[in-house]
Structure formats: C-alpha cells, structure tokens
Amino acid sequence: MRVEEARASRSYDVRRATAEEWQNLRDLRFEALRDPVAHLAFLDRIEDALERPDSFWRDRARTSAEGTSVATFVAVDGEGDLAGTVTVLVNQPGEPDYVGETSSEIRAAIVGVFVRAEHRGIGVIQQLLAMTEGWLQEIGVHRVRLHVHEENLRAKHAYARYGYVDTGARVEIAGEPHLEMVRELRGR
C-alpha cells in the first residue's frame, strides 16, 4: 500500500471534546501555535500560551465541552491521538461576537481550526466542519462564518473547498486584515 493510500484509509472518531482531554487539547494548541502560519491563523502566541497555568487549560476544556456558547470538536485517529480540532463560538441575538458585531439572529463563528500536518489533505477538516455544522443546526444556527487572514492561502482554499464563500466583507483583527467567509446551513 502506498503512503497516500495508507493516509487516506485512516479512520477518525470525530466528536465533541471532553473536559478530561484538557492536556491533549493544550498540547495540540501548542503545536498549532508553532505552525509556520500561526501568526496568520491565531490571535495567540506560543510564548503567551506556554505561560498559562494548567487551571486555564482545564477551564477552557470544560467550558468548550458543555453548553451551547462554545464547543470544541476533535478528530481522533485510530491510535487515540488528536489529529485536529475546530472550535465554534455561538452568540445569542443582540450579543456582541468576538469581533464586536451583533446580529438579530443566533450567530456562530468558527475559530481555532488546526489539523496536524500528517493528517492534512485527506478530509479531516471536512469531517470536523461537518460535525461542527451538524451541532450548530441542532441548536438553531442557520449560518456559520469565519474570518481568515488574507494571506493564509492554505486555510482559504480549505474552507472554499468545503463550500465557504467569501462575502467580500473585511475586518481588522489584531491589526491584521481578515476576510469573512460564510456557509449557509439551512437545507443541509
């Protein structure tokens, strides 16, 4: 079996992360922040993340494992290792979102997307997004958006392949230009 075939035949358990996985989630975040495009993809720096106490990471995992305002989804490979993650933030009508905008509808934004290099290009991101979007539909969200740095071509192409559309809207996040991409969830 060729390497590409072996990679493509991997199976993943894609599900909501649990609070007990806080160390694995923390370590994956550290890896994400060390990625060559991390400065474009994340609003966090590895130096800052490394200084945070374990209590921060425990609380972050617990918060994203329960409730409907934030959720983290993970892809776990056949060996039990985290292959990737997607976090989604949900705002109720009139509540400001992470860029300070409000809406008259329940609104969701995908953030914190990362797939380990050895799991890229074989559909892991699509599985994570599908699980995230299914959960969003269950809680009444009909449209999901994300912001991607204009220079983060890898991410832009991955989102476009999965059906996210550039709205033409631009927002400055941490002093950097980001474009807005959306995907309608109705009728899926």
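The values are calculated or read from the model by the stated rules, or taken from the named source; none is laboratory data. Computed from a predicted model, the values in this text were never measured in an experiment. With ideal geometry, Cβ positions are generated from the backbone for all residues, glycine too; neighbour counts draw on all protein chains shown.
Looking only at region 139-162, decide whether some residue is among the polar types (S, T, N, Q), surrounded by fewer than 14 Cβ atoms within 10 Å (Cβ to Cβ) and on the phi < 0 side of the Ramachandran plot.
There is no residue in region 139-162 that is among the polar types (S, T, N, Q), surrounded by fewer than 14 Cβ atoms within 10 Å (Cβ to Cβ) and on the phi < 0 side of the Ramachandran plot.
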Top-ranked residue of region 27-65 - restricted to ones that are modelled with pLDDT of 90 or more and aromatic (Phe, Trp, Tyr), ranked as nearest to the chain's Cα centre (by Cα): 30
Subset tally (residues that are small (Gly, Ala, Ser), in contact (Cβ under 8 Å) with a residue 60 or more places away in the chain and closer than 20 Å to residue 141 by Cβ) for region 152-188: 0
Test: residue in region 94-114 that is assigned to a helix (DSSP H, G or I), closer than 25 Å to residue 17 by Cβ, of a type in the set (Phe, Trp, Tyr) and touching a strand residue (DSSP E or B) at 6+ places or on another chain (Cβ under 6 Å): no
Test: residue 125 is modelled with pLDDT under 95 and either aliphatic (A, V, I, L, M) or not in a strand (DSSP E or B) (or both): yes
Filter result for the condition that a residue is among the small types (Gly, Ala, Ser) and either in contact (Cβ under 8 Å) with a residue 40 or more places away in the chain or crowded, with 16+ Cβ neighbours inside 10 Å (or both), over 84, 94, 100: 84
Hits in region 30-44 (condition: surrounded by 12 or more Cβ atoms within 10 Å (Cβ to Cβ), without any contact (Cβ under 8 Å) to a residue 40 or more places away in the chain and charged (D, E, K, R)): 44
Only one of 60, 26 that is more than 26 Å from residue 183 (Cβ to Cβ), buried (at least 17 other Cβ atoms within 10 Å of the Cβ) and not hydrophobic (A, V, I, L, M, F, W, C): 26
One residue from 143, 161 being among the basic types (Lys, Arg), under 23 Å from residue 16 (Cβ atoms) and out of contact with any Gly (no Cβ under 9 Å at 6 or more places or on another chain): 143
